[in-house]
Amino acid sequence: MLCADRECGMCPMRRKTVLLISNTTQSFWVYRRDLIRHFIAQGCIVHCVAADDSCRDQVRALGVTLYTIPLHRSSTNPLRELKTLLTLWWVIYRLRPDVVFTYTIKPNAYAPVFCCLRRIPCISIVTGLGYSFISNTVKARISRLVFTIGLS
């Protein structure tokens, strides 16, 4: 039997917390719902972080807690990115997950750094290199640098 108290430090059966981070809730619904169901079936507490979009109700119906962050896929505005960074840091700091899975370029670039600082295992899933690696514009070069730092 699993311990219902997440904070119970004495119980060897403490439920594991899994955090999934992506750009959109649609990616959780379309590509990761079976993984989410698997974690829940194993007794894990599952949290998802994404920008708010059309699939939030379906994702919540899977039994996860969904956090909305101000993540703009193509934004290079430093103030917007700072807001995204601070919000993502707060979520990771507050939840103290046992493991973090990231999908898409910005979560793959930002979250591993925060996880490293908190000594949380982070698994970054790269499903394609896209624009950042086929273009040589200034924006693409900056994107490659951020991505490389995040995954290192």
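Listed values, structure above:
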read-out: Carbon and sulfur %, accessible surface of region 17-85 computed with the full protein complex present, 1.4 Å; value: 50 percent
read-out: Burial ranking of peptide ranges 49-57, 37-45 (average Cβ count within 10 Å, highest at the top); value: 49-57, 37-45
read-out: Gained length - LEU117 relative to LEU145, 0.36 nm times residue gap less alpha-carbon distance; value: 8.2 nm
read-out: Ordering of 100-113, 75-88 by burial proxy (mean other Cβ atoms within 10 Å per residue, highest first); value: 100-113, 75-88
read-out: Region 82-87 - phi-based ³J(HN,Hα) in whole Hz, Karplus 6.51/-1.76/1.60, Gly and Pro as x; value: 5, 4, 4, 4, 5, 5
read-out: Amide H partners (placed H, <5 Å) of ILE21, local residues excluded; value: VAL49, PHE101, THR102, TYR103
read-out: Environment charge of PRO121, counting only residues whose C-beta is closer than 13 Å and scoring Lys/Arg +1, Asp/Glu -1; value: +3
read-out: J(HN,Hα) series, region 70-80, from Karplus relation 6.51 cos²θ - 1.76 cosθ + 1.60, nearest Hz, glycine and proline x; value: x, 9, 10, 3, 10, 6, 10, 5, x, 5, 5
read-out: Neighbourhood net charge (15 Å Cβ-Cβ; Lys/Arg +1, Asp/Glu -1) for ARG32; value: +2
read-out: log10 of Debye I(q)/I(0), alpha-carbon scatterers only, for region 11-119 at 0.10, 0.17, 0.21 Å⁻¹; value: -0.27, -0.76, -1.14
read-out: Solvent-accessible area per residue for region 14-76 (1.4 angstrom probe, square angstrom); value: 49 Å²
read-out: Stretch gain in nm, segment VAL126-LEU82, where the contour uses 0.36 nm per residue and the Cα spacing is subtracted; value: 13.5 nm
read-out: Sequence-distant residues sharing a close amide H with VAL46 (under 5 Å, placed H); value: VAL18, THR65
read-out: In sequence order, calculated HN-Hα J values of region 24-34 (Karplus, 6.51, -1.76, 1.60; Hz; x Gly/Pro); value: 9, 5, 4, 5, 5, 5, 7, 9, 10, 5, 5
read-out: Nonlocal amide H pairs with ASP53, under 5 Å, H built at 1.01 Å; value: THR25
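The values are calculated or read from the model by the stated rules, or taken from the named source; none is laboratory data. Computed from a predicted model, the values in this text were never measured in an experiment. We place every Cβ from the backbone using ideal geometry, glycine too, and count neighbours over all the protein chains shown. Calculation scope for accessible area: heavy atoms of the full protein, side chains included, ligands and nucleic acids excluded. Shrake-Rupley method; radii C 1.70, N 1.55, O 1.52, S 1.80 Å.
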